[in-house]
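Inspection log for the structure reproduced underneath, given as structure tokens.
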Amino acid sequence: MITLLQLDYFRKLAAVEHITKTAQELRISQTALSSMIINLERELGVQLFDRSKRTIRLNDAGRVYLRYVNDIFTALENGQAALQDINVSRDHSVRLATGTSSVWSSLFHDFCKVYPQHSLKQSNHTIPQLEKALTEMTVDFVLAGENDLHVSGMEKTWFKTDDIFLCVSESHPLAHREFVYMEELRDESFISLNETAPWNAYCDWVFTRAGYTPHVVLECDYTLRASLISSSFGVALTSASARDVDLLKPNRYIRVADSYAVRKMYLYHNPQRYMTSAARDFLEFCVGYYQSKTV
């Protein structure tokens, strides 16, 4: 009979593909691990790994079987989450991953105020980390733009659409303008975020739509842009959400008037992860929060 312990060991070995390292992580002997996997293969009547003297690699049969094994453990974890969800005395958390938290402080604050029985656990990540969090189901939601992530099989719920702005110093020649078009910005020097930042992925898309590659003088994190813009080192694209909290003060925000220069924001969710009542409350709150502000 195949046991959950065998399946768990198989999962671990499939991820590491190294007997010694996996055995060390599991704190068992290499012999015990090897015997466990060999017995599993005998039960199934098929080899799951290709072996040589020094290597062990998951084969095609192993990759097929791993998908079903992962489903088993996902179902068990979801079952546990469902039981915890109906325990009203338990603290219910919403785990949320974002590219940055700087522009969402009012959203988070107001959610916690309306739902004091829930706790919000937020963290900032790069695009690869956001995609990994979704596929490995370590978070309830990823908050990101429409074209930021490329992970199949995910559900997404729209909650806000941002206009796009050009941020310039107060002495910049465009500082007096109410709006600009992307075509006017071909010769500008842009300050960009790091290439793995979700906002940077969106900007790449905007420049592609505009039909040119921008002159990027510096890639940096969120904290440096405001002072660099203020010193006339360069300009930057930013969002209405950033303008609303004056993230790049003391600089000027000028709306980009091109019809495509908007950013739709979504909450991404892996449908294989159980959605708790706290997560459902957060989803509904986000959708209603910004809609109520536009009425």
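Quick notes on this structure:
- Restricting attention to segment 225-271, the residues being within 26 Å of the chain's Cα centre (by Cα) and assigned to a helix (DSSP H, G or I) number 7.
- Selection over segment 83-111 of residues that are among the hydrophobic types (A, V, I, L, M, F, W, C), surrounded by fewer than 14 Cβ atoms within 10 Å (Cβ to Cβ) and part of a helix (DSSP H, G or I) gives a count of 1.
- Extreme residue, nearest to the chain's Cα centre (by Cα), among residues of segment 140-159 that are open to solvent by 80 Å² or more (accessible area, probe 1.4 Å) and more than 27 Å from residue 292 (Cβ to Cβ): 150
- For segment 44-61, the condition of being modelled with pLDDT under 90, assigned to a helix (DSSP H, G or I) and surrounded by 13 or more Cβ atoms within 10 Å (Cβ to Cβ) holds for none of the residues.
- Considering segment 196-223, the residues that are among the aromatic types (Phe, Trp, Tyr) and in contact (Cβ under 8 Å) with a residue 40 or more places away in the chain include one that is surrounded by the fewest Cβ atoms within 10 Å (Cβ to Cβ), namely 205.
- Cβ pairs under 6 Å, 6+ apart, first in segment 22-35 and among the small types (Gly, Ala, Ser), second surrounded by 11 or more Cβ atoms within 10 Å (Cβ to Cβ): 23/30; 23/33
- Flag for residue 219 being farther than 21 Å from residue 106 by Cα and acidic (Asp, Glu): yes
- Filtered residues of segment 3-23 (kept if exposed (fewer than 14 other Cβ atoms within 10 Å of the Cβ) and over 18 Å from residue 63 (Cβ atoms)): 3, 4, 5, 20, 21
- Residues located in segment 160-195, provided they are surrounded by 19 or more Cβ atoms within 10 Å (Cβ to Cβ), at pLDDT 95 or above and of a type in the set (A, V, I, L, M): 164, 166, 168, 180, 182, 185, 191
- Flag if residue 119 is open to solvent by 50 Å² or more (accessible area, probe 1.4 Å), of a type in the set (S, T, N, Q) and more than 11 Å from the chain's Cα centre (by Cα): no
- Annotation note: Cβ proximity below 7 Å between a residue of segment 248-272 that is open to solvent by 30 Å² or more (accessible area, probe 1.4 Å) and a residue that is among the small types (Gly, Ala, Ser) (sequence gap 6+ or interchain) occurs for 249/226; 250/230; 252/175; 264/145.
The values are calculated or read from the model by the stated rules, or taken from the named source; none is laboratory data. Just so we're clear, the structure is a prediction, and the values are computed from it rather than from any experiment. No Cβ is skipped: glycine too gets one built from the backbone with ideal geometry, and neighbour counts run over all protein chains shown. For the accessible areas, the whole protein counts, side chains as well, though only heavy atoms, and no ligand, DNA or RNA atoms are used. Shrake-Rupley method; radii C 1.70, N 1.55, O 1.52, S 1.80 Å.
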